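Derivation of every value follows stated rules applied to the coordinates shown; laboratory data play no part. Fair warning: this is a prediction, and the values are worked out from it, not measured in the lab. Glycine gets a Cβ as well: all are built from the backbone with ideal geometry, and neighbour counts include every protein chain shown.
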Amino acid sequence: MTLQIRVIAPDKIVWDADAEEIILPSSTGQLGILTGHIPLLTALDIGVMRVRINKEWKPIILLGGFAEVNNNIVTILVNGAETISEINVEEAKNNLQEATNSLTQAQTNKEKIEATQLIRKAKAKVQAANVLNN
């Protein structure tokens with residue numbers, strides 16, 4: 001038995017496939033979903049969604065949204081998403097460092113919020129790179 005997973009962004013369907021397991025970046029922490037999971041509605045944070053297909057993990061970066069689980073169907077509505085086939089770990093780490101530097105130099109609340117979002121996205125890319133490389 002498998003989960004039917006569909007990730008929908010405002011401009012496209014990012015993912016539409018069956019999987020054995022999914023780990024979501026919920027707003028309260030990592031949330032694992034297997035077949036037979038009880039109905040659930042949860043908010044999602046910026047982070048890496050991991051999908052297991054044929055014992056292999058595939059990372060997808062989610063930029064916040066909501067997920068609904070019902071009858072082995074997982075519907076995920078997101079603000080944005082990036083599918084990852086290959087990430088340069090060094091580049092991801094450099095982006096994280098640049099975002100961290102932006103936060104330390106931010107002076108207005110708007111600049112701090114934007115820098116914080118960049119840090120969260122960069123951390124998600126580093127995490128996705130680690131999933132791919134393990």
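Dividing the summed helix terms, -39500 (n - 2.57) for each DSSP H run of n ≥ 4, by the number of residues in the chain produces a 222 nm estimate of -11000 deg cm²/dmol to the nearest 500. By how many degrees, 0 to 90 and rounded to 10, does the Cα axis of helix 89-105 deviate from the longest principal axis of the chain? Relative to the chain, helix 89-105 is tipped by roughly 50 degrees. Spin-label pair residue 112-residue 89: with each label point 7 Å from Cα along the Cα-Cβ axis, the two points sit 3.4 nm from one another.
When +1 charges are put on Lys and Arg Cβ atoms and -1 charges on Asp and Glu Cβ atoms, the dipole computed for the chain relative to its Cα centre reaches about 220 debye. Along its first, second and third principal axes, ordered by size, the range 89-133 spans 37, 13, 9 Å in Cα coordinates. Straightening the chain between residue 100 and residue 53 buys 13.5 nm, computed as 0.36 nm per residue apart minus the Cα-Cα spacing. Radius of gyration over Kirkwood radius for the chain, both on Cα atoms: the Rg/Rh ratio is 1.01. Of the residues 46, 23, 60, which exhibits the maximal mean-square fluctuation in a Gaussian network model of the chain defined by a 10 Å Cα contact cut-off? Judging by the Gaussian network model, the answer is 23.
Taking 7 Å steps out from each Cα toward its Cβ at residue 40 and residue 8 produces label points 2.0 nm apart. Ordering 105, 117, 94 by the projection of their Cα atoms onto the charge dipole of the range 89-133, which places +1 on the Cβ of Lys and Arg and -1 on the Cβ of Asp and Glu, puts 117 at the extreme positive end. Between 0 and 90 degrees, the angle of helix 109-133 with respect to the longest Cα principal axis of the chain falls at about 50 degrees.
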